[in-house]
1. So which residues in region B:601-624 are more than 14 Å from every other protein chain (Cβ to nearest Cβ), open to solvent by 20 Å² or more (accessible area, probe 1.4 Å) and under 27 Å from the mean Cα position of the chain (by Cα), if there are any at all?
2. Can you confirm whether region B:413-420 contains a residue that is within 14 Å of chain A (Cβ to nearest Cβ), touching a Pro at 6+ places or on another chain (Cβ under 7 Å) and surrounded by 24 or more Cβ atoms within 10 Å (Cβ to Cβ)?
3. Give A:GLY588, A:GLY577, A:GLY571 a once-over and let me know the one that is of a type outside the set (Ser, Thr, Tyr) and at pLDDT 95 or above.
4. Please find, among A:THR242, A:THR296, the residue that is of a type in the set (S, T, N, Q), under 19 Å from the mean Cα position of the chain (by Cα) and not assigned by TED's automatic domain parsing to the domain that holds A:ALA719.
5. Which residues, taken from region B:524-548, are hydrophobic (A, V, I, L, M, F, W, C) and without any contact (Cβ under 8 Å) to a residue 60 or more places away in the chain?
6. Only one of B:LEU582, B:LEU559, B:LEU542 is part of a helix (DSSP H, G or I), at pLDDT 95 or above and open to solvent by 10 Å² or more (accessible area, probe 1.4 Å). Can you tell me which?
7. Give A:GLU558, A:GLU551 a once-over and let me know the one that is of a type outside the set (Gly, Ala, Ser) and touching a Leu at 6+ places or on another chain (Cβ under 9 Å).
8. List pairs: first in region B:473-490 and at positive phi, second open to solvent by less than 10 Å² (accessible area, probe 1.4 Å), Cβ under 8 Å, 6+ apart or cross-chain?
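The values are calculated or read from the model by the stated rules, or taken from the named source; none is laboratory data. Small disclaimer: the values here were computed from a predicted structure and weren't measured. Glycine gets a Cβ as well: all are built from the backbone with ideal geometry, and neighbour counts include every protein chain shown. Quick note on the areas: whole protein, heavy atoms, side chains included, nothing else; ligands and nucleic acids left out. Shrake-Rupley method; radii C 1.70, N 1.55, O 1.52, S 1.80 Å.
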Number of protein chains: 2
Amino acid sequence: MQDTTHLGKRRKIIDGLEKVTGNARYAADLTLAGMVHARPVLSPYPHARLRGIDARAALDLPGVVAVLTGHDLNPGHAPHSRSSMLLALDEVVFAGQPVAVVVATSEAGAEDAAGRLEIDYEVLESVDDAAQAMTDELHVWPQGVPRAGTGMASLHGGEAGGQGSENLSNIDERRVFERGDVRRALEGAHVVIDRRYTNARVHQSYLEPHAVVAQPGARPGEVTVYTSTQGQYTVRSEVAGTLGLRERDVHVEPMTVGGGFGAKYGILDALVAAVSLHLRRPVRLVLSRSEDMLTTMPTPETAIRVRLGADAAGRLVALDVQAVIENGVFRFGHAGIIATVIGGMYRCENVRIETLEVLTHRAPVGAYRAPGVPQALFALESSVDELARTLGQDPLDLRLLNAAQTGDPTGTGFPWPDIGLKACLERAREHPIWRSRGQRPGEGVGLALGGWPGGFSPAGAVCRVEADGTVRLHVGSVDISGVHSSMVLIAAETLGVDPDAVEIVQGTTDSGPYAPASGGSQVTISLSGAVLDASRQVRDQLLDLAASHFEAHREDVELVEGHARVKGLPGKSVTLGQLAQLGQRLPGGPGPVVAEGRAAIKAGAPGFTVQLVHVHVDPDTGQVTPLEAVSIQDVGFALNPLLVEGQMHGGTGQGLSIGLYEGLHFAGGSLVNANFLDYAFPRATDLPPIEAVIVERPSEHGPFGARIVGEPPITAGAAAVANAIRDAAGVRVTELPVTSEALWRLMQGRASHRP
Amino acid sequence: MQDTTHLGKRRKIIDGLEKVTGNARYAADLTLAGMVHARPVLSPYPHARLRGIDARAALDLPGVVAVLTGHDLNPGHAPHSRSSMLLALDEVVFAGQPVAVVVATSEAGAEDAAGRLEIDYEVLESVDDAAQAMTDELHVWPQGVPRAGTGMASLHGGEAGGQGSENLSNIDERRVFERGDVRRALEGAHVVIDRRYTNARVHQSYLEPHAVVAQPGARPGEVTVYTSTQGQYTVRSEVAGTLGLRERDVHVEPMTVGGGFGAKYGILDALVAAVSLHLRRPVRLVLSRSEDMLTTMPTPETAIRVRLGADAAGRLVALDVQAVIENGVFRFGHAGIIATVIGGMYRCENVRIETLEVLTHRAPVGAYRAPGVPQALFALESSVDELARTLGQDPLDLRLLNAAQTGDPTGTGFPWPDIGLKACLERAREHPIWRSRGQRPGEGVGLALGGWPGGFSPAGAVCRVEADGTVRLHVGSVDISGVHSSMVLIAAETLGVDPDAVEIVQGTTDSGPYAPASGGSQVTISLSGAVLDASRQVRDQLLDLAASHFEAHREDVELVEGHARVKGLPGKSVTLGQLAQLGQRLPGGPGPVVAEGRAAIKAGAPGFTVQLVHVHVDPDTGQVTPLEAVSIQDVGFALNPLLVEGQMHGGTGQGLSIGLYEGLHFAGGSLVNANFLDYAFPRATDLPPIEAVIVERPSEHGPFGARIVGEPPITAGAAAVANAIRDAAGVRVTELPVTSEALWRLMQGRASHRP
């Protein structure tokens, strides 16, 4: 435990009250003078020629301002990603693609009018899934796959590298990451486990659907976008790039985010900005739940074959992975991330990972908290579990024997910075759930590893002290996970003030400061250094002012509880507000108390987790009931344990839900369960009690030793559930989510095959 | 001339296009969702008991939301200034004081309803002018004059000091500033000039009346104020202090200002904020021209007696001044400013300045560009002119002989920093208008000195370079005089970019940076250092990044035209945008390209002026026609000569107008010409061609040698006109404005007395 006053202590999230009292301001809450409402009209067909749109009946309705089609908003270049897509021109390439926008003075009016559009589609043959895509009989992009500079995946700290091959077919990209000689190692292995795992697409299912309000600026081509986003700078670039505007003319104001999970980098912003510039009016577009599920960017379906070879002692000698990733209509780039993690959890000399990114006529996929990793580790950790069973070894011991350590290579070859995977395993070994497993029939305990390398980026931050003693902390990163609350603690700790005296000012693209988007678990890691730098500079300024005020030596002055005082003379003190006033007034003085901090850390602070899940399996129905879950995570140093546990709870719940419930179902290329009645989003009662066990093995690079926190918790749950089911029911599930029916069939098969 | 690329060159004002195309956003332009409109109801009586307000007929009108009186908005403490005044409770103390606010869904609706209020006043005896006030027969504040900590006058850089005496009578404050022995010096003088000068109140007559929109925040007691103000921090303090709110809960967004001239520090902000918090709705209040003239803060009436003693050679030996300043109902504090200047223009060993600040039942006075100085110098410079005439000396030579120089004391005793008054006189001596004076009957040329010490305050500023190469300059000072345009040039010069690549971001109280209010001619002086500091830091950051990028020595890299390049290798270059991207991406690098600059200069950079005015006086009507004016001003270094000339033209015009046209006329304590039909605001044809002659005698403390610019031009015009009239018509005017009738009577008197 570090010697701290505020850091490391449990403290409520700063925007909690505002949120529970309904005072937080979301994009959908915004009402601007003269604002009109837009409703998108989505294609029901995965692939069709758009022959015409008859808007007459719609335009007859009172309050309807306009019906806009792709030809009205044509930016003059083809989209290469979901967010650069405005409206379909002549061809629709996925079910859920917007083909028109109806604008009216009320949302209901726009909705009514949208129902009156007559759209003439010529339905075309579609590429509905990865298997069909890989036959290459029908090409999604017969003119070649549209590409752009930077993929969204890079925002998540995924690694580039490996071999890339260009391919004009539906197999958009094939990459191979290799070390050692896998073929020979598999041939020489004492035991080989060879299995193939699949999973359904999953939607991020944030509470707040995508919402954007755009308002034209004074200059032609100038626009302000109010949006639910994880990164205002990302939105700015996307809007400017898509619409051909100057970046400096696009002003993005990030609003409170009602759940992001990787999906809120901006999808509709360019579209709404274009409508607003076209009509010269403020325009609001808020998706319905169903539209949100149809037209945004869920996770990919993957099919991952894992071949695992070990020697008789259980030491891994070979790992051979082939991952097929179904991306929908556009490239995305999960390959690097999946390879990094799947090939980096264990020390193994011979590794080969082949990834195939495949295009279909489906909504393009996107990022969801640790993109691709829950699926990848479901495959890897299920196979490792099988390996232990085949060898008759304890699955925890086998993992301890092989677990990666500091300096071992990841799947894409870079060495891990210091990591605490083994420390988590040691802690799991002591846990009562693990020690008492196997005692009740029909129940089982599964264990799985998880982890995430974590991103990191340069960032700036401003700290200023105001005349009333308020410390204002200006940050550029959006708060989606309580990170602002941690920044407040860092400033409070550094300046010796109560955290209530610190106010966060969320930056816009105009106000700055520059900071990375809030994703890839990187915000705390990236931002803390800048906040610390700014706060320390301000601390020095305050000490200087106080020393001069008291006519004392600088080293004899201290900052305590919002005051500066001379050490040993507690009666003689001055408030920070008074010092700030001095700075604002003193001729020839140092100037106002303020500093801009900058930081750019050199390496990441990866976070690893071990999760234990205890389930009951009903032998008659195949129903799985999760009874308890334990999430053990090395967070390095918990800046605010309450919020760290919140992240662990949320992520663990999502991981279990990926394992047991959630899946987008398609029929003929069209999504059939685009709503929360049919999509199995868990209720609170569907999840077990989750115990969060914090391990603090300080990171070398993270602030105060802290590691990334947000993404690791989601990565292990699906695998741990699968291993628990194996423990309880004796069967190996290979398809996510695990439905009762599928499990029952599997159990029947085992019953018939192995009497 | 300094070796500069952008500084010192004529360049259009940056917000000119926005303003002439109608795209600038003033407070009155703002429309917020749910916003209602407020109309103030003003007392027609200078002093009355408010017996009751019957609002029933008003509330019957459709769209009327509320009629609020002082009891609805009672803050629980008495006002001590115009801006801390909400609505009258039981007593009205000036004609024009708001007694109620009518709120409706439309401005016209509120106006109609306001007309239906039945207000029961019991008219009381009032103190109508300074002469009556000084009899102390009726006290404006029988319970004692309300006081507060800091007067508004301090914002204008006026000097404190001198002796103050507390007085419970209508003579609110009497101060005496003294050096040497005036009585003895006057007795021993070769010649003594003894005259008394008076002037009418003058209104600042900005084009945009006061306008405020306030919106309640999410928290109780939280409010955002959009306002036409010269200083958002001043408004924040005033609103928070008046309404008992936390400063951090008051958010002030300064809007484009349509003319300030000292009057836009915030008058209605607390009132509108209170209405908005009371109704929990956004509220807009925009004064009509007439209301604006009735309820805001014009200049004081003054009566200034000057006794001037000189030896036979024309050397000043004594200056004895008694100034009576009529402040209206609240104290203001012109005394220090008037004393500083009137006692500081000339080197004189024996000076005594007595100031009496007197209260009446009139609207409280406020600041108007060089507050009090046009009136004070009208008195001083008229007397100096008379002295020269009495001694038979050239009035320019006499002034050169006596003019204050660097280190001489001001009227309040502090020594002038380096000043260039004599340089202006030397330049005037060469001017054709001066050299050819006295050649035509009925015409005359007058000369007068003017000047202003100028304020200066600490300030911060942020400079950041964005990925697209845009340089964003964040400043906290409001632009009322083109100062942002100068800041752009400083950044462009420092960073070697085109000024069009630099964008100004106007700060709010939340975003910062901290900077002084835009008044007292201090903004350029105060802000430049911070902008320069920030820009230089950014320049260093860019050079470091470029050196590392080129693998060159830092000293071999230069910034030229938006690029960094290795000296001598013009082909090898990188844009500033690319360097910014490096900063935003480089792991372990320096971080984003950004710096917060701070500055707090030690001493001011006073600005002096000499003005020549050439008039024709019609002997039959007394009509004065100004034929030409020359404004010679030492600006140290003209950062942008075009804008400096603009300031000189505007100020000179205002000074002439104070001399010849403008005056608020009262009858029985009530203003009778509160509109632009009856108030003699000059048209363009009423002013002569004005020639601006820039003198550049670098200041020691100002940025690049620049001096204050804004206030000096207004200070000399009235005196110069009076001296020109004396030259043309042989009579000495002692009352401002000089009306044809008064002058004709004076000329008649001279004709009868001196045949």
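1. Across region B:601-624, the qualifying residue is only B:HIS614.
2. No, region B:413-420 contains no residue that is within 14 Å of chain A (Cβ to nearest Cβ), touching a Pro at 6+ places or on another chain (Cβ under 7 Å) and surrounded by 24 or more Cβ atoms within 10 Å (Cβ to Cβ).
3. A:GLY577
4. Unique residue meeting the criteria: A:THR296.
5. B:LEU543, B:LEU545, B:ALA546, B:ALA547
6. B:LEU582
7. A:GLU558 is the lone residue from the list that is of a type outside the set (Gly, Ala, Ser) and touching a Leu at 6+ places or on another chain (Cβ under 9 Å).
8. B:GLY482/B:ASN640
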